[in-house]
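S.K.: What follows is a structure written as structure tokens; I'll ask about it next.
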Amino acid sequence: QVQLVESGGGLVQPGGSLRLSCVASGLNVARYNMNWYRRAPGKQRELVSGITDHGYASYADSVKIRFTISRDTTKNTVTLQMNSLKTEDTAVYYCHARNPFNSDEYWGQGTQVTVSS
């Protein structure tokens, strides 16, 4: 059974930082395309960042330079380091895994990030 468990969300002031983690079980993060999505209130779900099975990282324009995605294959974990947070980064952040060879995909339960003074 595949599980993706996010942690690290919380309340932070503008300009602050948070580090989100996604611990995977039942799959190998090195063999999946791992992504972070977010959904802000009243908005559609947005792809924030992803790292492919080959290790190629990509970012939405709105978070480039500020966010960094990484993975630790020894801990089977994907991390999103978020710096210089803005109020518009407030959202529920979801970890997502997609098998690059078929249609299998999995979602975590989400973690709330609130950026507010």
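S.K.: Pick from region 91-116 the residues that are within 13 Å of the chain's Cα centre (by Cα) and among the β-branched types (Val, Ile, Thr): which of them is nearest to Ala24 (Cα to Cα)?
M.R.: So the residue we want is Thr111.
S.K.: Just the residues that are more than 12 Å from Cys95 (Cα to Cα), in a strand (DSSP E or B), among the hydrophobic types (A, V, I, L, M, F, W, C) and touching a Gly at 6+ places or on another chain (Cβ under 9 Å), please, taken from region 1-24.
M.R.: Within region 1-24, just Leu18 meets the criteria.
S.K.: With respect to Arg38, is the statement that it is modelled with pLDDT of 95 or more, touching a helix residue (DSSP H, G or I) at 6+ places or on another chain (Cβ under 9 Å) and not hydrophobic (A, V, I, L, M, F, W, C) true? If you could, list the steps in order and put the result at the bottom.
M.R.: Numbers: modelled with pLDDT of 95 or more: yes; touching a helix residue (DSSP H, G or I) at 6+ places or on another chain (Cβ under 9 Å): yes; not hydrophobic (A, V, I, L, M, F, W, C): yes.
In short, yes.
S.K.: Tell me the strands (runs of 3 or more DSSP E) entirely within region 25-117 that contain at least 3 residues that are open to solvent by 40 Å² or more (accessible area, probe 1.4 Å).
M.R.: Numbers: elements: 33-39, 46-51, 57-59, 67-72, 77-82, 91-98, 105-107, 111-115.
In region 25-117, 67-72, 105-107 are the strands (runs of 3 or more DSSP E) which contain 3 or more residues that are open to solvent by 40 Å² or more (accessible area, probe 1.4 Å).
S.K.: Do you know which residues across region 25-81 are of a type in the set (Gly, Ala, Ser), under 15 Å from the mean Cα position of the chain (by Cα) and under 13 Å from Cys95 (Cα atoms)?
M.R.: Result: Ser49, Gly50, Ser70.
S.K.: State yes or no: is Gly55 without any contact (Cβ under 8 Å) to a residue 24 or more places away in the chain and more than 14 Å from Val115 (Cα to Cα)?
M.R.: Details: without any contact (Cβ under 8 Å) to a residue 24 or more places away in the chain: yes; more than 14 Å from Val115 (Cα to Cα): yes.
Against the criterion (without any contact (Cβ under 8 Å) to a residue 24 or more places away in the chain and more than 14 Å from Val115 (Cα to Cα)), Gly55 qualifies.
S.K.: Where the second residue is in a strand (DSSP E or B) and of a type in the set (Asp, Glu) and the first is in contact (Cβ under 8 Å) with a residue 60 or more places away in the chain and lies in region 1-28, which pairs have Cβ atoms under 9 Å and are six or more apart or on separate chains?
M.R.: Leu20/Glu6; Cys22/Glu6
The values are calculated or read from the model by the stated rules, or taken from the named source; none is laboratory data. Please read all numbers here as calculations on a predicted model, not as lab measurements. Methodologically, a virtual Cβ is constructed for each residue, glycine included, from the backbone with ideal geometry; neighbour enumeration extends over all protein chains shown. Areas reflect the complete protein model, heavy atoms only, side chains present, ligands, DNA and RNA absent. Shrake-Rupley method; radii C 1.70, N 1.55, O 1.52, S 1.80 Å.
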